[in-house]
Each structure stands twice: as structure tokens, then as C-alpha cells.
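Student: First the structure, then my questions, so here it is.
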Amino acid sequence: MELENWESNRMIGRVERYLLERIENEGTIHMTLIDPEKTDPETAALISSDSESLGSSAIMVGGTTIVSQNMLNSVVKQVKEAVSIPVILFPNNIVAISEYADAIWFMSLLNSADPYFISGAQVLAAPLIKKLSLEAIPLGYIIVGEGGSAGVIGKACPIPYNKPELAIAHALAAEFFGMRFVYLEAGSGASRPVPAEMIRKVKEGISIKLIVGGGIRNGNQAKEAAKSGADVIVTGTIIEGEERESIKSKLSEIISGMREGAKAKLRMR
């Protein structure tokens with residue numbers, strides 16, 4: 001193997017390659033997050049199908065308080081039957097692993113005060129992930145702003161929105177650890193999303209892919225996040241407890257706004 005070809009021969013899985021290709025072609029992609037503790041399997045399947053038809057590139061399944069593996073399996077199985085896009089686990093702990101998913105975010109909560117959420121849970125989960133042949137995608141997870149339930153459960157020290165330099169430092173640590181994605185998480189139901197300025201500065205400071213989630217409720221917010229450099233935008237709370245047509249309307253607005261911002265992002269390459 002020629003030395004200059006080493007990067008193109010990195011061992012990455014099918015789902016990750018798919019995500020990278022979509023990001024390269026579209027600038028920014030959208031993922032819908034399903035919480036199996038808050039959405040029954042049938043509704044999860046309908047939402048996922050609608051999300052795919054509206055332009056979501058993948059479905060993430062997970063939540064802050066998952067305790068029932070049976071419920072998780074039921075949701076993942078029905079979602080898998082309803083869509084052709086990848087289903088990726090977004091685990092809160094070692095119980096949030098399902099053999100029916102396509103891949104799992106192998107994530108470390110980098111600004112947790114508890115080593116368990118940085119590497120302890122990952123050590124316990126790794127053998128099972130390998131046994132199930134789940135594609136593991138390495139992800140640095142960073143809680144910012146309010147942090148929400150994820151910040152409380154994960155014992156995080158949230159990075160203030162006015163301290164982007166701290167977010168950059170954490171994101172760089174993720175990159176230097178070898179993680180290929182980094183996630184700025186404002187928290188489920190956050191009153192405001194990650195600021196555009198923080199997104200822009202973090203993206204400028206790293207060379208890995210940037211995911212942004214939490215508090216994105218409308219097209220303008222999605223547009224700003226994409227335009228500022230987000231490679232992936234995740235929305236979840238807006239699909240909980242709503243009528244199907246309302247969910248479709250909100251998702252359509254967010255994905256349309258994201259695509260507008262992605263066009264501006266591509267022009268600035």
C-alpha cells in the first residue's frame with residue numbers, strides 16, 4: 001500500500017461512509033431522533049417513514065432515560081421495517097444497545113465529571129457491540145448551554161454559550177483521540193439552540209464532522225446552524241406528543257431551512 005493512500009484506506013463502516021458521502025454532496029444532513037421511552041413502536045415507525053420522505057438521512061434511536069431494552073428493540077425493529085435509511089443507536093448507557101440497529105454512536109461524554117460516562121460505560125459495552133457486529137462510529141459528545149436532562153444524568157459541566165474557546169478545546173480533544181464526529185448538544189428541550197458563533201468557531205477549529213442538536217425548533221434556526229458549519233443537524237423534542245401532520249410540517253420547515261443554509265455553506269467552501 002502506498003503511503004499517500006493511507007487515509008483513503010481507513011477502516012470505516014458502511015453507515016459511516018454513507019453519512020460522509022451525504023455530507024460531502026449536500027453540505028449538511030438531517031437526522032431525526034426517536035426516544036423509545038416517549039414514542040410507541042407504531043408511532044416511531046410512522047414518524048421515521050415521514051422523516052425519510054421529507055429528507056432525513058438517518059434515524060437515531062435513544063434517550064436520556066432508557067431503561068427498557070425490550071421497548072428499545074421493539075422500536076428499532078419497527079423503524080427498520082419502515083425505512084431504508086440507516087438506524088443508528090444514540091445510547092445513554094449500556095442498556096441502550098439493540099442488535100436490530102445498523103450502527104451505534106460509540107460516544108464519550110467529554111465534559112462529564114464522572115469517568116463512567118467518559119470511558120467506563122464504553123468499556124462495558126464494547127464486547128457486546130463487537131459480538132452483535134454493530135458498526136461503531138466514534139463520537140465525542142459535548143454538553144453546552146443549559147445541558148438539559150443529558151447534562152444532569154451524565155454529570156456534565158456544560159460549556160457556557162459565551163465560551164466557544166472551551167468548546168473548541170473539547171472538540172479538538174475528540175479529534176486527537178481519533179473520533180471522527182463531534183456533537184455539540186444543547187440538551188433536549190433547550191430554550192435556545194447552540195449559537196451560530198459557537199458552531200462557526202468549533203467547525204473552523206477542527207477537521208472532523210460536526211453534529212449540532214438541541215433547541216432547534218424552526219427553519220431559521222436550522223438554516224443558521226447549517227450555514228455556520230454544522231455537518232449534521234439533529235431534532236428530536238419537536239416530534240414528541242404532536243399530531244402526525246404537525247410533526248411533518250415542523251420537520252419539513254426545519255429540513256428546508258437546513259438545506260438553504262447548506263447551500264450557503266457549500267458556496268463558501
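Student: Considering every residue within region 96-112, establish whether at least one is without any contact (Cβ under 8 Å) to a residue 60 or more places away in the chain, among the hydroxyl-bearing types (Ser, Thr, Tyr), part of a loop (DSSP other than H, G, I, E, B) and crowded, with 18+ Cβ neighbours inside 10 Å. Please lay out each step first, then the result.
Tutor: Here is the first cut: in region 96-112, the ones without any contact (Cβ under 8 Å) to a residue 60 or more places away in the chain are 96-101, 104, 106, 109, 111-112.
Checking the rest, the ones that are also among the hydroxyl-bearing types (Ser, Thr, Tyr) come to 98, 100, 112.
Imposing the further condition that a residue be part of a loop (DSSP other than H, G, I, E, B) reduces the set to 98, 100.
Right, trim to crowded, with 18+ Cβ neighbours inside 10 Å and you get 98, 100.
Yes, region 96-112 contains at least one residue that is without any contact (Cβ under 8 Å) to a residue 60 or more places away in the chain, among the hydroxyl-bearing types (Ser, Thr, Tyr), part of a loop (DSSP other than H, G, I, E, B) and crowded, with 18+ Cβ neighbours inside 10 Å.
Student: Taking the residues in region 147-173 that are touching a Pro at 6+ places or on another chain (Cβ under 6 Å) and within 15 Å of Phe117 (Cβ to Cβ) as candidates, determine which candidate is surrounded by the most Cβ atoms within 10 Å (Cβ to Cβ).
Tutor: Going through region 147-173, the residues touching a Pro at 6+ places or on another chain (Cβ under 6 Å) turn out to be 147, 151, 161.
If we keep only those that are within 15 Å of Phe117 (Cβ to Cβ) as well, we get 147, 151.
On the way: Gly147: 22, Gly151: 24.
Top of the filtered list is Gly151.
Student: Right, something else. Could you look through region 241-256, keep only residues that are in contact (Cβ under 8 Å) with a residue 12 or more places away in the chain and either of a type in the set (Ser, Thr, Tyr) or out of contact with any strand residue (DSSP E or B) (no Cβ under 9 Å at 6 or more places or on another chain) (or both), and pick out the one that is surrounded by the fewest Cβ atoms within 10 Å (Cβ to Cβ)?
Tutor: Let us first name the residues in region 241-256 that are in contact (Cβ under 8 Å) with a residue 12 or more places away in the chain, namely 241, 244, 247-248, 250-256.
Next cut, either of a type in the set (Ser, Thr, Tyr) or out of contact with any strand residue (DSSP E or B) (no Cβ under 9 Å at 6 or more places or on another chain) (or both) only: 241, 244, 247-248, 252-253, 256.
On the way: Gly241: 10, Arg244: 12, Ile247: 21, Lys248: 18, Ser252: 15, Glu253: 17, Ser256: 14.
Among those residues, the one meeting the criterion is Gly241.
Student: Identify, please: which residue in region 63-95 is hydroxyl-bearing (Ser, Thr, Tyr) and more than 15 Å from the chain's Cα centre (by Cα) and is, among those, surrounded by the most Cβ atoms within 10 Å (Cβ to Cβ)?
Tutor: First pass over region 63-95, keeping only residues hydroxyl-bearing (Ser, Thr, Tyr): 64-65, 68, 74, 84.
Applying the additional criterion that residues be more than 15 Å from the chain's Cα centre (by Cα) yields 65, 68, 74, 84.
On the way: Thr65: 14, Ser68: 14, Ser74: 18, Ser84: 7.
So the residue we want is Ser74.
Student: Check region 201-208 and report whether any residue there is among the charged types (D, E, K, R), surrounded by fewer than 22 Cβ atoms within 10 Å (Cβ to Cβ) and outside any helix (DSSP H, G or I).
Tutor: So in region 201-208, the residues among the charged types (D, E, K, R) come out as 201, 203-204.
With surrounded by fewer than 22 Cβ atoms within 10 Å (Cβ to Cβ) added as a condition, the list becomes 201, 204.
Those left that are additionally outside any helix (DSSP H, G or I): none.
So far as region 201-208 goes, no, none of its residues is among the charged types (D, E, K, R), surrounded by fewer than 22 Cβ atoms within 10 Å (Cβ to Cβ) and outside any helix (DSSP H, G or I).
Student: Quick check: anything in region 55-62 under 18 Å from the mean Cα position of the chain (by Cα) and at pLDDT below 95?
Tutor: The initial filter retains those residues of region 55-62 that are under 18 Å from the mean Cα position of the chain (by Cα), namely 55-62.
Restricting the remaining residues to those that are at pLDDT below 95 gives 62.
Checked region 55-62: at least one residue is under 18 Å from the mean Cα position of the chain (by Cα) and at pLDDT below 95.
Student: To continue, here is another question. Report, ordered by the first and then the second residue, all pairs with beta carbons closer than 8 Å, sequence separation of six or more or different chains, a first member in region 145-157 that is over 23 Å from Ala196 (Cβ atoms), and a second member that is among the acidic types (Asp, Glu) and modelled with pLDDT under 90.
Tutor: Note: no pairs meet the criteria.
Student: Is there any pair linking a residue in region 215-235 that is within 19 Å of Gly148 (Cα to Cα) to one that is β-branched (Val, Ile, Thr) and surrounded by fewer than 23 Cβ atoms within 10 Å (Cβ to Cβ), with Cβ under 6 Å and at least six apart or on different chains, and which?
Tutor: Arg217/Ile238
The values are calculated or read from the model by the stated rules, or taken from the named source; none is laboratory data. A quick note: this is a predicted structure, and the numbers were derived from the prediction, not measured. Using ideal geometry, Cβ is built from the backbone for each residue, glycine included, and neighbour counts are taken over all protein chains shown.
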